[in-house]
Amino acid sequence: TPSDYAIAMPKVKMHLDSKDKYKLEDLLYAMMLESYNDVAVAVAEHIAGSVEKFAELMNIKAKDIGMKDTNFVTPNGLDAKNQYSTAYDMALLGMYATNNELFVKITNTRNYSFASKNGRRVSVSNKDAFLDKMSDAIGIKTGFTGNAGYCLCFSMKTHKDDKNDCDNRLIGVVLGTNHK
């Protein structure tokens, strides 16, 4: 059930209602495919009790995976004082995230529909055009803020060859562009 704070998040949003209850997995699809700010806050509050406590958990995980030049403040990536990262750190996060099967399943889904416990129907669509450009693309995340510009973290599978006996992934990060 979303809080009033989550409901008040700025656009882009799913327009959560405090009377609705959702499955966490459904909200993960809404958050990752549509970048809904209200959903990201609702998920953070559900997991950690508050945005601030969730940011603490995010920063602990960031350090654990080697992200040395990152500090999270918001769960939705909106511009905030003292929130920052680098392309390298985002690549580390992308590599970590693509080791999670549910994450890869969600970020590679083109369309997804679900209903709240009260019957509100929601349909979401993936905005990651990279998935349609390359057959071996693995979706990660698109984004935009006024300060960051358009951003993309993406991945591709590489295939076995004579020298390489295992599948690998390439991670790419583009930050701060002015073009969609």
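The values are calculated or read from the model by the stated rules, or taken from the named source; none is laboratory data. Worth saying up front: this structure is predicted, and the values here are computed from it rather than measured. All Cβ positions, even for glycine, are placed from backbone atoms using ideal geometry, and neighbour counts span all protein chains on display. The area values use the complete protein model at the heavy-atom level, side chains included, leaving out ligands, DNA and RNA. Shrake-Rupley method; radii C 1.70, N 1.55, O 1.52, S 1.80 Å.
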Go through (1) modelled with pLDDT of 95 or more; (2) open to solvent by 40 Å² or more (accessible area, probe 1.4 Å); (3) in contact with a strand residue (DSSP E or B) (Cβ under 9 Å, 6 or more places away or on another chain) for TYR84 and report which single condition fails.
(1)
Residues in region 119-126: is at least one in a loop (DSSP other than H, G, I, E, B), in contact with a strand residue (DSSP E or B) (Cβ under 7 Å, 6 or more places away or on another chain) and buried (at least 19 other Cβ atoms within 10 Å of the Cβ)?
yes
Those residues of region 37-74 that are open to solvent by less than 30 Å² (accessible area, probe 1.4 Å), of a type outside the set (Val, Ile, Thr) and within 22 Å of VAL122 (Cβ to Cβ) come to a total of 5
By residue number, the members of region 103-117 that are open to solvent by less than 70 Å² (accessible area, probe 1.4 Å) and either of a type outside the set (A, V, I, L, M) or at pLDDT below 95 (or both) are PHE103, VAL104, THR107, ASN108, THR109, TYR112, SER113, PHE114, SER116
If you take the residues in region 13-36 that are under 15 Å from PHE144 (Cα atoms) and of a type in the set (A, V, I, L, M, F, W, C), which one is least open to solvent (accessible area, probe 1.4 Å)?
LEU33
Pairs please, first residue from region 9-26 and without any contact (Cβ under 8 Å) to a residue 40 or more places away in the chain, second anywhere and surrounded by 12 or more Cβ atoms within 10 Å (Cβ to Cβ) and part of a loop (DSSP other than H, G, I, E, B), Cβ atoms under 7 Å, 6+ apart in sequence or on different chains.
VAL12/SER35; VAL12/TYR36; LYS13/TYR36; LEU16/PRO2; SER18/THR1; SER18/PRO2
Within region 126-144, residues being under 30 Å from LYS21 (Cβ atoms) and out of contact with any Leu (no Cβ under 6 Å at 6 or more places or on another chain) number 6
Looking only at residues that are modelled with pLDDT under 80 and either in a loop (DSSP other than H, G, I, E, B) or among the basic types (Lys, Arg) (or both) in region 136-163, which one is farthest from ASP89 (Cα to Cα)?
ASP162
What are the residues in region 59-85 that are closer than 16 Å to VAL173 by Cα and either touching a Lys or Arg at 6+ places or on another chain (Cβ under 8 Å) or without any contact (Cβ under 8 Å) to a residue 40 or more places away in the chain (or both), if any?
MET67, ASP69, THR70, TYR84, SER85
Hits in region 115-143 - residues which are touching a residue at least 24 places away in the same chain (Cβ under 8 Å), of a type in the set (D, E, K, R) and closer than 22 Å to LEU175 by Cα
LYS127, ASP128, LYS141
Out of region 32-81, which residues are modelled with pLDDT under 95 and on the phi > 0 side of the Ramachandran plot?
SER35, GLY77
